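Here is the structure we will look at.
The values are calculated or read from the model by the stated rules, or taken from the named source; none is laboratory data. Please read all numbers here as calculations on a predicted model, not as lab measurements. Positions of Cβ are backbone-derived with ideal geometry, glycine not excepted, and every protein chain shown enters the neighbour counts. Areas reflect the complete protein model, heavy atoms only, side chains present, ligands, DNA and RNA absent. Shrake-Rupley method; radii C 1.70, N 1.55, O 1.52, S 1.80 Å.
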Amino acid sequence: MNFVFDFGAVLFTWKPADLMAQCFPQRAATPQAAAELAHAMFAHADWNGFDQGTLAMDPLIARTSERLDLDATVLRELVEHIGERLTPIPETVAVLEQLHALRSRQPDLRLYYLSNMPQPYARELERRHAFLQRFDGGIFSSDVLHIKPNPVIYQLLQSRYALEPTQTLFVDDLLANVLAARAQGWHAVQFESAEQLENHISTQFGFLRPLAAEFASEIVR
């Protein structure tokens with residue numbers, strides 16, 4: 001069985017509205033204003049290009065600063081350090097650790113990732129977090145110049161690691177990405193919480209015991 005994890009808001013914290021509120025408190029003075037500003041920045045084609053690896057950081061900052069009338073110095077500080085702000089979610093990492101521990105009894109169990117991630121952040125995560133070595137492989141969007149939910153990136157992962165679609169479960173917080181995986185014949189679940197994911201894996205595939213608290217306590221943030 002193959003388990004494929006998204007990173008942002010699944011294995012790592014990703015709260016764009018909070019970032020905007022912290023960095024631009026006057027423009028994001030209310031939760032609604034913060035959410036709107038975050039959407040204007042992170043749901044735009046320029047950010048998608050940064051995710052995809054087709055737009056570099058400097059032009060992203062220049063374009064976004066002008067388009068949204070944001071202080072370029074503050075914006076640069078935000079964009080340059082987002083990788084450091086992506087901290088592991090202990091409960092979900094615990095699920096990953098449990099799956100990895102099961103490999104001694106389930107030799108066909110494999111762990112992969114499929115994440116929309118700009119190269120600077122991808123390299124930062126690889127450098128900082130040893131638990132990523134649990135994965136048998138994976139794809140960051142910026143390394144292959146394709147992003148979810150484009151079917152090409154799913155097909156790349158599938159062909160690169162010879163994944164059998166009916167034996168593959170994809171986990172992502174965004175419904176569009178989940179639906180794209182299902183269109184490839186994969187199993188897919190929209191992530192809500194580690195408990196929900198664990199229950200889904202246990203119920204649908206017979207893996208995992210109740211969440212082991214000792215795993216979460218060992219995760220290094």
Convex hull volume of the stretch 8-129 per residue (C-alpha atoms, cubic angstrom): 115
query: How large is the charge dipole for the stretch 61-101, taken about the Cα centre, if only the Cβ atoms of Lys, Arg (+1) and Asp, Glu (-1) carry charge, to the nearest 20 debye?
result: 140
query: Of the heavy-atom accessible surface of the chain (probe 1.4 angstrom), what whole percent is carbon and sulfur?
result: 50
- request: Could you please state, rounded to a whole Å, how far the C-alpha centre of the stretch 183-210 is from the C-alpha centre of the stretch 62-93?
  value: 30
query: What is the extension gain from Thr54 to Arg127, computed as 0.36 nm multiplied by their sequence separation minus the C-alpha to C-alpha distance, in nm to one decimal?
result: 24.0 nm
Equivalent ellipsoid semi-axes, the stretch 90-221, via Cα gyration tensor eigenvalues times 5, rooted, Å: 23, 19, 14
message: What number comes out for accessible area per residue over the chain if the probe is 1.4 Å? Units Å², please.
response: 48
task: Evaluate E = 1/(1 + (r/R0)^6) for Gln204 and Ala72, where r is the Cβ-Cβ distance and R0 equals 30 Å; express this FRET efficiency to the nearest 0.05.
output: 0.05
